[in-house]
Amino acid sequence: FVIAETFEQARAAAHLVRVDYDRGKGRFDLAAAKDIAVKPPGGFAPPDSKAGDFAAGYDKAPVKIDRTFTTPDHSHAMMEPMATTATWTDDRLTLWTSNQMIAWSKGEVCKTFGLKPEQVRLDSPYVGGGFGAKLFLRADAVGAALGSKAIGGRAVKIAIPRPMIPNNTTHRPATIQRVRIGAGKDGVIAAIGHESWSGDLPGGGPEIAALQTRQLYRGADRMTAHRLAELDLPEGNAMRAPGEAVGLLALEVAMDELAEVTGVDPIELRIRNDVQYDPEKGPGTPFSSRKFVECLRQGADAFGWSRRNPKPGAVRNGRWLIGMGVASAFRGNLAGDSGARVSVDAKGKVTVETDMTDIGTGSYTIIAQTAAEMLGVPLKDVTVKLGDSDFPTSAGSGGQWGANSSTAGVYAACVATRDKLSQNAGFNSKDAVFEGGKITAGGKSVSLANAAGKSGTTVEGKIEFGDLAKKYAQATFGAHFCEVGVDALTGEVRIRRQSGAFAAGRILNPKSARNQVIGGMTMGAGAALMEELVVDPRFGYFVNHDMAEYAVPVHADIQEQEVIFVEELDDKSSPMKAKGVGELGICGAGAAVANAIYNATGIRIRDYPLTIDKIIAGMNKNA
């Protein structure tokens, strides 16, 4: 990169740069590298798991499903690109950057530049979408810091142009998945196996596409496995709901096929295979809460599932073949330690500070709600400050752990604040009631302002989850429904409506949660129908590296979307009784689209995305 006074100068100078390449052989095709894939080291989750004897259980099952699916590389396609402004002042580096995980990235900056923590500040109060692309330090932050250092600490701004993002940052890796299900004639699963192959650069990790299969359905004999091939493509890493988003594209279509073979309604099939404990670990590890069946039933009633004709291709409206599909939604519920600082000033106004980020998910709102509720003040009297590494360390935004964890951290800080203010007022905090800007106990009241004192009161607090994950299986659940129309002449697919019912503990803010789920459902539809990074095998890069060629859904692509939240309080997940919801919407949404296309046409496509050429080929084959 070059540094200049103006954008125009920088762009003109960049065009003067010429690069010569020494070409070498590379490996770019996952299918060709599948046989040399190896078992990866443990990372986010163990690569393999088992219970019982899968081979024996599958072999003796009366009904067998053995299917292979492929998913392509995906781009995050967030609205805001990676961007950073950097300055140096007295050997202290400040980065105003677009980042989801402040504490992680501050540590990486310190390691990269050999700096002490007190020499680095990251500030990321607003992030225009991340979906996992901004979990880690990227070239914009390093480049801006180097550039500023080179010119005496002056501010240097770098924004990675959209066409550079897929090939110079990260993406979701392609997968090859084999799903095997052995069941009785009644559809009850006895054996289930899910194997996944993906690729990455040396030192990278796999797309853990079999993760949901470990906990979603019953079956005494179980097996999951992940294998990793070394590919010379851009880095593969976390993208919204890593693992489950593409894993359910395979598993839930296989379940649809099992329903057809056994003659069991797809919803009834899933209900029969519900299990209230971790099926790999046994009854000693129950779910903290699991309202999966309620999601299926409430969602089916609202969607009008009873009107579905189970015979593929039986419903037609003019040129349009009409079909309905269903798929389960599953996403693990993760929780991370999270801290916050709460201040109450001499006017009774509350300020909350934490390095939690808002990536369009509503963090500012739910954190303000939490503080207002805990301290008994109106929402307008709460100021929330986020994304600054000088603030207490939070869980950050990722893995759908952010909302539950960060509000629990604010809750803990507010509990400590209540104790301090009660003490200042001469009350026992256990007896104190915080309401209407006052503290009341024993028939006496003191205003929050007076309890805070002339200089105000500041308290820090932190939530730690200890061994919770060892005691309980934790996950969020749902059921996706989709109705499609497929043009019998052109193969064009139109989503007529999407619907879903979801259980994710206490919904902290129904409006922002609904927006998150709808965004996920839309991404799931995109993964099913159009999204694909296309590899040029001559040079080892993604050809369609901009928004003109990488297709994503737009408003006109989905006419109607409905979200139902099943009432649930998870009193084990956190003091908020909430769970994550941000990534649940994408999990299973694409499979519901695929199953609806099959119901409309009788065409079963297992190679995503389900583009018009594949549908027409299926029509020609069936003709």
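The values are calculated or read from the model by the stated rules, or taken from the named source; none is laboratory data. As the structure is a prediction and not an experimental result, all values here were calculated from the model. Glycine gets a Cβ as well: all are built from the backbone with ideal geometry, and neighbour counts include every protein chain shown. Surface areas here come from the heavy atoms of the whole protein model, side chains and all, with no ligands, DNA or RNA. Shrake-Rupley method; radii C 1.70, N 1.55, O 1.52, S 1.80 Å.
Just to check your reading of the model, which residue among Glu260, Glu252 is open to solvent by less than 10 Å² (accessible area, probe 1.4 Å), of a type outside the set (A, V, I, L, M, F, W, C) and either in contact with a Leu (Cβ under 7 Å, 6 or more places away or on another chain) or part of a helix (DSSP H, G or I) (or both)? Explain how you work it out, then say what you get.
Numbers: Glu260 fails: open to solvent by less than 10 Å² (accessible area, probe 1.4 Å).
Result of the check over Glu260, Glu252: Glu252.
Within segment 138-162, how many residues turn out to be among the hydrophobic types (A, V, I, L, M, F, W, C) and either over 15 Å from Thr94 (Cβ atoms) or open to solvent by 60 Å² or more (accessible area, probe 1.4 Å) (or both)?
Here is the first cut: in segment 138-162, the residues among the hydrophobic types (A, V, I, L, M, F, W, C) are 139, 141-142, 144-146, 150-151, 155-156, 158-160.
Then drop every residue that is not either over 15 Å from Thr94 (Cβ atoms) or open to solvent by 60 Å² or more (accessible area, probe 1.4 Å) (or both), which leaves 139, 146, 150-151, 155, 159-160.
Number satisfying all stated conditions: 7.
Give just the number: which of (1) surrounded by fewer than 14 Cβ atoms within 10 Å (Cβ to Cβ); (2) within 20 Å of Ser338 (Cβ to Cβ) does Gly443 not satisfy?
The failed condition is (2).
Looking only at segment 277-286, decide whether some residue is open to solvent by 10 Å² or more (accessible area, probe 1.4 Å), at pLDDT 95 or above, among the small types (Gly, Ala, Ser) and within 30 Å of Phe542 (Cα to Cα).
No - not one qualifying residue is present in segment 277-286.
Any idea which residue in segment 163-204 is most open to solvent (accessible area, probe 1.4 Å), counting only those that are within 30 Å of Pro81 (Cα to Cα) and assigned to a strand (DSSP E or B)?
Within segment 163-204, the subset within 30 Å of Pro81 (Cα to Cα) is 163-176, 197-204.
Subsequent filtering for residues that are assigned to a strand (DSSP E or B) retains 171-172, 175-176, 197-200.
Details: His171: 5, Arg172: 3, Thr175: 2, Ile176: 19, Trp197: 37, Ser198: 1, Gly199: 10, Asp200: 8 Å².
Here the residue is Trp197.
Would you say Glu492 is in contact with a His (Cβ under 6 Å, 6 or more places away or on another chain) and within 30 Å of His545 (Cα to Cα)? Explain how you work it out, then say what you get.
On the way: in contact with a His (Cβ under 6 Å, 6 or more places away or on another chain): no; within 30 Å of His545 (Cα to Cα): yes.
For Glu492, the condition - in contact with a His (Cβ under 6 Å, 6 or more places away or on another chain) and within 30 Å of His545 (Cα to Cα) - is not met.
When you scan segment 368-380, do you find a residue that is acidic (Asp, Glu), modelled with pLDDT of 95 or more and either closer than 21 Å to Gly466 by Cβ or assigned to a strand (DSSP E or B) (or both), even just one?
We begin by selecting, within segment 368-380, every residue acidic (Asp, Glu); these are 373.
Within this subset, residues satisfying the condition of being modelled with pLDDT of 95 or more are 373.
From what's left, either closer than 21 Å to Gly466 by Cβ or assigned to a strand (DSSP E or B) (or both): none.
Checking segment 368-380: not a single residue is acidic (Asp, Glu), modelled with pLDDT of 95 or more and either closer than 21 Å to Gly466 by Cβ or assigned to a strand (DSSP E or B) (or both).
Which of (1) free of Cβ contacts under 8 Å to residues at least 40 places away in the same chain; (2) surrounded by fewer than 21 Cβ atoms within 10 Å (Cβ to Cβ); (3) aliphatic (A, V, I, L, M); (4) in contact with a strand residue (DSSP E or B) (Cβ under 7 Å, 6 or more places away or on another chain) is the odd one out, the single condition Val109 does not satisfy?
(2)
Six or more apart or on different chains, Cβ atoms under 6 Å: show the pairs whose first residue is in segment 435-452 and under 13 Å from Gly376 (Cβ atoms) and among the polar types (S, T, N, Q) and whose second is in a strand (DSSP E or B) and open to solvent by 50 Å² or more (accessible area, probe 1.4 Å).
Sorted first by the residue in segment 435-452, then by its partner, the pairs are Thr440/Val433; Ser445/Lys438; Ser447/Lys438.
If I filter segment 460-477 for residues that are in contact with a Cys (Cβ under 6 Å, 6 or more places away or on another chain), crowded, with 18+ Cβ neighbours inside 10 Å and outside any helix (DSSP H, G or I), do I get at least one hit?
Filtering segment 460-477 down to residues in contact with a Cys (Cβ under 6 Å, 6 or more places away or on another chain) leaves 477.
Right, trim to crowded, with 18+ Cβ neighbours inside 10 Å and you get 477.
Restricting the remaining residues to those that are outside any helix (DSSP H, G or I) gives 477.
Yes, segment 460-477 has at least one match.
Can you pull out every residue in segment 342-373 that is surrounded by 20 or more Cβ atoms within 10 Å (Cβ to Cβ) and more than 28 Å from the chain's Cα centre (by Cα)?
Selection gives Val342, Val344, Val350.
Looking at Gly243, is it in contact with a Gly (Cβ under 8 Å, 6 or more places away or on another chain), crowded, with 19+ Cβ neighbours inside 10 Å and among the small types (Gly, Ala, Ser)?
Working: in contact with a Gly (Cβ under 8 Å, 6 or more places away or on another chain): no; crowded, with 19+ Cβ neighbours inside 10 Å: yes; among the small types (Gly, Ala, Ser): yes.
Against the criterion (in contact with a Gly (Cβ under 8 Å, 6 or more places away or on another chain), crowded, with 19+ Cβ neighbours inside 10 Å and among the small types (Gly, Ala, Ser)), Gly243 does not qualify.
Sort out for me the helices (runs of 4 or more DSSP H) sitting completely within segment 504-623 that have 3 or more residues that are within 27 Å of Pro266 (Cβ to Cβ), open to solvent by 20 Å² or more (accessible area, probe 1.4 Å) and at pLDDT below 95. Write out each step before concluding.
Working: elements: 510-529, 589-601, 612-622.
Those helices (runs of 4 or more DSSP H) span 612-622.
If you check every pair at least six apart or on different chains, which have Cβ atoms under 7 Å apart with a residue in segment 550-569 that is in contact (Cβ under 8 Å) with a residue 40 or more places away in the chain first and a residue that is in a strand (DSSP E or B) and open to solvent by 30 Å² or more (accessible area, probe 1.4 Å) second?
Once the first residue is in contact (Cβ under 8 Å) with a residue 40 or more places away in the chain and sits in segment 550-569, its partners that are in a strand (DSSP E or B) and open to solvent by 30 Å² or more (accessible area, probe 1.4 Å) give Gln559/Arg496; Gln559/Arg497; Glu560/Arg497.
Which of (1) surrounded by 14 or more Cβ atoms within 10 Å (Cβ to Cβ); (2) more than 30 Å from Val554 (Cβ to Cβ) does Thr97 not meet, given it meets every other one?
It fails just one condition, (2).
Of everything in segment 358-401, what is farther than 20 Å from Gly336 by Cα, of a type in the set (Asp, Glu) and out of contact with any Cys (no Cβ under 9 Å at 6 or more places or on another chain)? Give them in sequence order.
Asp381 - this is the single residue of segment 358-401 that is farther than 20 Å from Gly336 by Cα, of a type in the set (Asp, Glu) and out of contact with any Cys (no Cβ under 9 Å at 6 or more places or on another chain).
Please determine whether any residue of segment 60-68 is out of contact with any Phe, Trp or Tyr (no Cβ under 9 Å at 6 or more places or on another chain), surrounded by fewer than 17 Cβ atoms within 10 Å (Cβ to Cβ) and in a helix (DSSP H, G or I). Write out each step before concluding.
First, pick out the residues of segment 60-68 that are out of contact with any Phe, Trp or Tyr (no Cβ under 9 Å at 6 or more places or on another chain): 60-63, 65, 67-68.
Remaining after also requiring surrounded by fewer than 17 Cβ atoms within 10 Å (Cβ to Cβ): 60, 62, 68.
Then drop every residue that is not in a helix (DSSP H, G or I), which leaves none.
No; the residues of segment 60-68 include none that is out of contact with any Phe, Trp or Tyr (no Cβ under 9 Å at 6 or more places or on another chain), surrounded by fewer than 17 Cβ atoms within 10 Å (Cβ to Cβ) and in a helix (DSSP H, G or I).
Quick check on this structure: which one of Leu296, Leu334, Leu321 is open to solvent by 20 Å² or more (accessible area, probe 1.4 Å), under 23 Å from the mean Cα position of the chain (by Cα) and aliphatic (A, V, I, L, M)?
From the options Leu296, Leu334, Leu321, the qualifying one is Leu334.
Read through the list (1) surrounded by 22 or more Cβ atoms within 10 Å (Cβ to Cβ); (2) over 23 Å from the mean Cα position of the chain (by Cα), then give the number of the only condition that Glu492 fails.
Unmet condition: (1).
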